[in-house]
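Following: one structure in structure tokens, then a few remarks.
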Amino acid sequence: MPEGEVRGMEYLSVPCGSIMGIPIRLHVFLPLVALLAGISTMLAGHPWQSVILAVVVAGPLLLITVLLHELGHVWAAKRVGCSADHILLWPLGGLAFIGGSVKPKEQIFISGSGPATHVPMLGLWAAVLALLHGSVTLSTQGLWIDPLAATSATTGDQDFGSLVCIAMLNTNLAMLFNLLVPCFPLDCSRILASLLLLQGMEPSTAAKVIVACSVLALLAVLAISAWSVA
């Protein structure tokens with residue numbers, strides 16, 4: 001897409017460099033995610049260390065995680081002969097704009113390569129957590145964010161690092177489960193559509209199946225949210 005020809009979801013996005021020759025665009029509302037995370041933590045009465053934790057995890061660390069996910073798609077696309085125009089990072093995640101015609105098997109490879117990037121990231125965060133905490137866990141029980149509440153300032157600082165690792169482990173696990181939710185435009189829906197095509201299903205029928213699955217997935221999310229609130 002030519003520079004300046006920004007439409008639809010790319011509205012209010014700005015260029016912010018390139019990686020592997022792929023231009024990166026950043027939506028101006030994306031920093032609001034980190035800002036809202038910090039404000040909500042502050043309004044909940046948590047100490048300032050918790051606010052910093054929320055901003056760091058929902059800001060730069062989440063952005064890097066999403067970017068690596070999209071670069072996984074781009075790498076796979078280039079492997080099968082497709083071109084990558086650019087990557088958009090926006091409040092709902094990331095989008096890799098890939099051009100070219102692909103077969104169902106190639107689409108599965110491209111769609112699966114994004115979530116696959118979370119496996120090494122999980123290993124990295126688990127290794128750092130093991131060094132700081134002595135073990136790998138997804139629970140924050142027994143960890144303190146405020147040095148005044150901990151036994152010493154050193155313990156508080158160490159717990160801060162452990163909490164960052166735990167937050168990123170949970171984040172990467174959640175993004176890895178992208179493969180289990182057949183809701184368009186998540187990767188699982190593209191993989192499911194490709195599998196249906198490989199089984200000989202007509203594209204129009206496969207599209208209807210994906211729409212039905214997407215509606216059911218959204219209804220399930222709404223039901224779980226309502227149950228949580230109740």
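Give me a count of the residues in the stretch 162-185 that are touching a residue at least 24 places away in the same chain (Cβ under 8 Å) and of a type in the set (Phe, Trp, Tyr). Result for the stretch 162-185: 1. Cβ-Cβ distances below 6 Å connect the following pairs, each with a first residue in the stretch 74-87 that is without any contact (Cβ under 8 Å) to a residue 40 or more places away in the chain, a second residue that is open to solvent by 20 Å² or more (accessible area, probe 1.4 Å) and assigned to a helix (DSSP H, G or I), and a separation of six or more residues or different chains: 76/109; 80/106. Among the residues of the stretch 172-187, the ones that are open to solvent by less than 60 Å² (accessible area, probe 1.4 Å), under 15 Å from residue 117 (Cα atoms) and in contact with a helix residue (DSSP H, G or I) (Cβ under 6 Å, 6 or more places away or on another chain) come to 5 in all. Right, residue 81: over 21 Å from residue 184 (Cβ atoms) and open to solvent by 20 Å² or more (accessible area, probe 1.4 Å) or not? When the stated conditions are applied, residue 81 passes them. Does residue 94 qualify as being assigned to a strand (DSSP E or B) and open to solvent by less than 30 Å² (accessible area, probe 1.4 Å)? Judged against the criteria, residue 94 is a match.
The values are calculated or read from the model by the stated rules, or taken from the named source; none is laboratory data. Small disclaimer: the values here were computed from a predicted structure and weren't measured. Note: ideal-geometry Cβ built from the backbone for every residue, glycine included; neighbour counts use all protein chains shown. Protein only, heavy atoms only, side chains kept; ligands, DNA and RNA dropped before computing areas. Shrake-Rupley method; radii C 1.70, N 1.55, O 1.52, S 1.80 Å.
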